[in-house]
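Structure first, then comments.
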Amino acid sequence: MGSPSPRQPLRLGLTGGMGCGKSAAAGIFRELGFGVVESDAIVRELWKNDPAVKSASIKRWGDQVLTEDNHIDRRKIAELVFASPQELEWLEGLLHPLVRSRWATQLAASPLQDWVVEIPLLFEKNLASEFNLTLCIASSPALQAVRLAARGLSPLEIAARQSRQWPLSQKIERADRVVFNDGSLDFLRREIVY
């Protein structure tokens with residue numbers, strides 16, 4: 001009888017609808033000792049610290065995408081890209097390869113670590129095959145709307161952004177596992193742990 005084969009590290013692709021609690025779930029995984037990569041955090045870091053991303057954005061849209069203190073105005077860019085499929089496609093072409101490279105580099109640097117990579121467009125961008133498990137965080141539409149409104153998004157902004165993603169039902173169907181997040185943070189933690 002041979003020795004047991006070593007356990008393969010977990011590579012979990014975390015997705016879900018807007019306002020469903022992907023970031024909260026990522027935080028719980030972090031508390032549990034997983035390495036966590038949040039795609040949205042990488043995008044925020046690129047806007048803030050990558051001169052090439054800032055320069056390309058200004059070249060594309062002009063100074064209208066700058067705040068008074070010369071930073072990228074993410075809200076203004078959101079207005080532009082969610083109103084035009086062509087502008088969204090351009091932006092995704094700029095950012096997505098950089099984001100993917102960042103998370104792939106982090107995973108490669110710690111190959112024995114269990115990792116959770118939060119990717120809002122996991123299925124839309126055909127990235128599920130990069131992971132050995134996918135998890136969709138879901139919530140009721142009413143609760144999603146409340147959470148997104150609390151972030152300052154209007155109903156029109158919510159609808160525009162949601163129209164650029166697959167319906168939550170489609171993500172639920174594709175995911176290996178689904179966690180419904182209509183309760184408290186403690187409830188979400190219990191759903192993830194068990």
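Every residue, every condition in (1) over 14 Å from the mean Cα position of the chain (by Cα); (2) open to solvent by 70 Å² or more (accessible area, probe 1.4 Å); (3) at pLDDT 95 or above, yes or no:
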site	(1), (2), (3)
Leu95	no, no, yes
Leu112	yes, yes, no
Trp115	yes, no, yes
Leu135	no, no, yes
Val146	yes, yes, no
Ile192 being touching a residue at least 24 places away in the same chain (Cβ under 8 Å) and within 15 Å of Leu10 (Cβ to Cβ): yes
Residues that are without any contact (Cβ under 8 Å) to a residue 60 or more places away in the chain, open to solvent by 50 Å² or more (accessible area, probe 1.4 Å) and not small (Gly, Ala, Ser), drawn from segment 32-57: Arg44, Glu45, Lys48, Asn49, Pro51, Lys54
Residue identified as open to solvent by less than 50 Å² (accessible area, probe 1.4 Å) and among the charged types (D, E, K, R) among Glu87, Glu79, Glu68: Glu87
Flag for Arg174 being among the basic types (Lys, Arg), at pLDDT 90 or above and on the phi < 0 side of the Ramachandran plot: yes
Residue in segment 56-63 that is closer than 30 Å to Ala175 by Cβ, among the aliphatic types (A, V, I, L, M) and at pLDDT 95 or above present: no
Only listed residue being hydrophobic (A, V, I, L, M, F, W, C) and without any contact (Cβ under 8 Å) to a residue 60 or more places away in the chain, chosen from Ala138, Ala145, Ala104: Ala104
Number of the exception - Ser101 against (1) open to solvent by 80 Å² or more (accessible area, probe 1.4 Å); (2) within 17 Å of Ser39 (Cα to Cα): (1)
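The values are calculated or read from the model by the stated rules, or taken from the named source; none is laboratory data. Note that the structure is a prediction, hence the values are computed from the model and not measured. Note that we place each Cβ from the backbone using ideal geometry, even for glycine, and neighbour counts take in every protein chain shown. What goes into the accessible areas is simple: the full protein's heavy atoms, side chains included, and nothing from ligands, DNA or RNA. Shrake-Rupley method; radii C 1.70, N 1.55, O 1.52, S 1.80 Å.
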